[in-house]
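Worksheet for the structure shown next.
Any read-out appearing in this document is the output of simple, stated calculations on the displayed coordinates, not a laboratory observation. In this text, all values refer to a predicted model and were calculated from it rather than measured experimentally. No Cβ is skipped: glycine too gets one built from the backbone with ideal geometry, and neighbour counts run over all protein chains shown.
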Amino acid sequence: MKLLAFCFMKLNNSRLILFFLILTVFSCKEDLSEKPNVFRYNQINHITSLDPAFAKSQNNIWATHHLFDGLVRLDDSLNVVASIAKEWDISEDGLVYTFFLRDDVRFHSNDCIDNERVVTAIDVSYSLGRLISEEVNSPGSWLFIDKVDGIESFEVVDDTTFVMKLNQPFIPMMGILTMQYCSVLPKECVDYYKSDFRSNPVGTGPFQFKRWEENQALFLVNNENYFGDITHNLDGIKTTFIPDKKIAFLELLNGNLDFVSGLESSFIHDLLTQEGDLLPKRQEELNLLKAPYLNSEYLGINMANQAEDSPLRIKEVRQALNLGLDRKLMLAALRNGVGKPANAGFVPSGLPSHDPLKVAGYTYDPDSARVLISAAGFGSGIPLPEIELFTNKDYLDLTTFIARQWQEIGVKTKIEVLESSILRDGMRKSSIPFFRASWIADYPDAESFLCMFYSKYPAPPNYTRYSNLAYDQLYEEAIKTGDIKRRYELYHQMDRMLIEDAPVIFLFYDETALFSQKNISGVSGNAVNLLIVNDLKKDVSKHK
């Protein structure tokens, strides 16, 4: 203390102010990150915005989910449940949605807003209307394209009653409203911060913003005034952005992280058995939670851009490629059993409409594959032309495995590796004829997957340019019918059409692999891979 006082005496006023500023910033940094009951997890991709209008990628979605709420949310069973809206009513014709709001939901404290400001229907109307504003240019604007007639479709009846009117029935709409894009935020804070709202978020969520060091770490603190049911014992959340999965896993094993999501190829055999369970030597130090993940991995065939001599133009060849792939072996060899073979169409497991008994997909049958290739006119001196498959470096091991499998049925495959951005751009512009891709559900309904093959949609989502009038008619009926049984029947018919026409090579239905320290409990898995920490407990007596 004497030394500190001596330092103060030696400093002039300007230097003294600077000293205090440095001391304050340093104290702030130590304040949260050093507390033992802060939940520490890593994202390999950094956050680009904390504005929910730009919650397109998982890293942005997880962060905004901690900070914001919408009218409704998903529970772990993918049911739509109340959030800011305590109840709602949908008209018989499916066109008018009326939401009745809670009157005790308050925005986080901030310089831009009155203290204890309560959420009203005006905030809901503003937030949804902002999504479709050309000025904002949100990537979530597609949610309401052709579904509403501009901001006039969002009506404020009174402080606690909000009405949304659709142009035509769209049954998955309640699922859409659970997306982070549809979070509720205060207009006065957007007006106050303008473009800097991305780094000064104000919401109603269970955690509120503390500090964001871009590309390094995000710090959130517990919202003690949260309106929802929470049982966690956390002071806050610290998210780091270590881009190397290997380093992130080392940080987990060394106790510097509490949680890591996903697999890392160089660690997979040191963590998991061939069946996808934790190795005995790891069971005393880590928890593993696996759950269905609404993500279908596939190889896409551009049905509108194939060379005249391309064998991919022939349905029997596309079917043969599906039959010539041992998906079970692929998952065992490359993912230690994490994931399920895609043998029941494109709609993944984890959705209630997924039904392997009603949608029989492809299983490994190389003999039948050879028969189909022969029926397509190849063999007996007429070799099948080489197929060119485009991928990025992250999936080179997967595509190499597939190419070796196809060799066994007489198919030669050339693999071209592109940068991810170039690959996506080529898929959008229809310049790549055959590509590896994945599709993650935007909301928990099979329509989120089957829309990819609706011919009236551009790319995205229709990267394959699949066009089938009968399929389109089934799709248009499915999104309007409120009869769940009938809608699932339509979904099954559409999936069977995709199996028959084979515009894709079905690979696998993904699973989440969530690794956490042994002193962490209450981590829940869900099929949309949303990190929910409302019930998470951290035993600080076992803090590393």
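Restricting to lysines 8 or more places apart or on different chains, can you count the pairs in segment 293-510 with Cα atoms under 27 Å from each other?
So the count of such lysine pairs works out to 28.
Given Cβ point charges of +1 (Lys, Arg) and -1 (Asp, Glu) and nothing else, what value in debye, to the nearest 20, does the dipole of segment 343-413 about its Cα centre take? All intermediate terms of the calculation are to be shown ahead of the outcome.
Working: 5 positive and 8 negative charges, 12 e Å.
Dipole about the Cα centre, nearest 20: 60 debye.
Gap in Å between the Cα centre of segment 475-542 and the Cα centre of segment 227-285?
21 Å
Taking segment 293-510, how much of its Cα-Cα pair set, in percent, is spaced more than 33 angstrom apart? Each step should come with its number before you reach the end.
Numbers: 2635 of 23653 pairs.
For segment 293-510, the fraction of Cα-Cα distances above 33 Å is 11 percent.
Out of Trp439, Asn462, Leu423, whose Cα points farthest toward the positive end of the dipole of segment 421-502 (charges: +1 Lys, Arg; -1 Asp, Glu; placed on Cβ)?
Leu423
According to the Kirkwood expression over distinct Cα-Cα pairs, how big is the hydrodynamic radius of the chain, in Å?
Numbers: mean 1/r = 0.0390 Å⁻¹.
With all distinct Cα pairs of the chain included, I get 25.6 Å.
Taking 1 over the mean of 1/r across every pair of different Cα atoms in segment 107-263, what Kirkwood radius in Å do you get?
18.2 Å
Using only alpha-carbon positions, what ratio does the radius of gyration of segment 367-471 give when scaled by 2.2 N^0.38 Å? Before the final figure, lay out each step's value.
Working: Rg = 16.2 Å, N = 105, 2.2 N^0.38 = 12.9 Å.
So the Cα radius of gyration is 1.26 times the expected 2.2 N^0.38 Å.
In the calculated pair distance distribution of segment 327-366, what percentage of Cα-Cα distances lie above 11 Å? Provide the component values of the computation, followed by the final result.
Working: 508 of 780 pairs.
Value for segment 327-366 (Cα pairs over 11 Å): 65 percent.
Just round it to a whole percent: the fraction of Cα-Cα distances in segment 68-191 exceeding 21 Å.
Everything past 21 Å amounts to 36 percent.
Charges at C-beta only: +1 for Lys and Arg, -1 for Asp and Glu. How large is the resulting dipole of segment 293-510 about its Cα centre, in Debye rounded to 20?
The dipole magnitude comes to about 80 debye.
Using the per-residue mean of other Cβ atoms lying within 10 Å as a proxy for protection, in what order, highest first, do the peptides 155-165, 410-420, 195-205 fall?
195-205, 155-165, 410-420
If packing is taken as the average count of other Cβ atoms within 10 Å, what order do 444-456, 218-230 fall into, highest mean first?
444-456, 218-230
log10 I(q)/I(0), Debye, Cα-only segment 446-540, no solvent, q = 0.20, 0.24, 0.25 Å⁻¹?
Debye curve over Cα of segment 446-540, log10 I(q)/I(0) at q = 0.20, 0.24, 0.25 Å⁻¹: -0.96, -1.22, -1.29.
To check my understanding: the extent here is largest minus smallest coordinate of the Cα atoms along each principal axis. What are those three numbers for segment 151-196, in Å, largest first?
37, 24, 18
Run the numbers for Asn115 and Thr48: contour at 0.36 nm per residue of separation, minus the present Cα-Cα distance, in nm.
This chain segment gains 21.3 nm when fully extended.
Compute the distance from the alpha-carbon center of segment 159-217 to that of segment 385-452, in whole Å.
33 Å
Nearest 0.05, what FRET efficiency do Asn233 and Lys456 give at R0 = 30 Å with Cβ-Cβ as r? Walk me through the numbers on the way to the answer.
Details: r = 50 Å, r/R0 = 1.67.
Approximately 0.05, to the nearest 0.05.
Evaluate the relative contact order of segment 417-543 (contact order divided by residue number), counting alpha-carbon pairs under 8 angstrom at least 6 apart; express in whole percent.
15 percent
Could you grab the relative contact order for segment 68-191? Cα pairs under 8 Å, six or more apart, rounded to a whole percent.
Answer for segment 68-191 is 34 percent.
Under 8 Å for C-alpha pairs, at least 6 residues apart: give me the relative contact order for the chain, rounded to a whole percent.
It comes to 18 percent, rounded to a whole number.
Under unit Cβ charges (Lys, Arg +1; Asp, Glu -1), what dipole magnitude, rounded to 20 debye, does the chain have relative to its Cα centre?
Details: 55 positive and 73 negative charges, 344 e Å.
It works out to roughly 1660 debye.
Once you have the alpha carbon radius of gyration of segment 45-132, what is it after dividing by 2.2 N^0.38 Å, with N set to its residue count?
Against the compact-globule rule of thumb, the ratio is 1.22.
When the helix-only estimate is applied to the chain (DSSP H runs of n ≥ 4, each -39,500 (n - 2.57), divided by the residue count), what is the mean residue ellipticity at 222 nm, nearest 500 deg cm²/dmol? List each step's numbers first, then the result.
On the way: 16 runs with 160 residues, N = 544.
Calculated mean residue ellipticity at 222 nm is -8500 deg cm²/dmol.
Which one of Gly300, Leu334, Leu357 has its Cα pushed farthest toward the positive end of the charge dipole of the chain, where Lys and Arg give +1 and Asp and Glu give -1 at the Cβ?
It is Leu334.
Report the Rg/Rh value for segment 207-345, based on alpha-carbon coordinates and the Kirkwood definition of Rh. Present the calculation step by step, with values, prior to reporting the outcome.
Details: Rg = 21.5 Å, Rh = 19.4 Å.
A ratio of 1.11.
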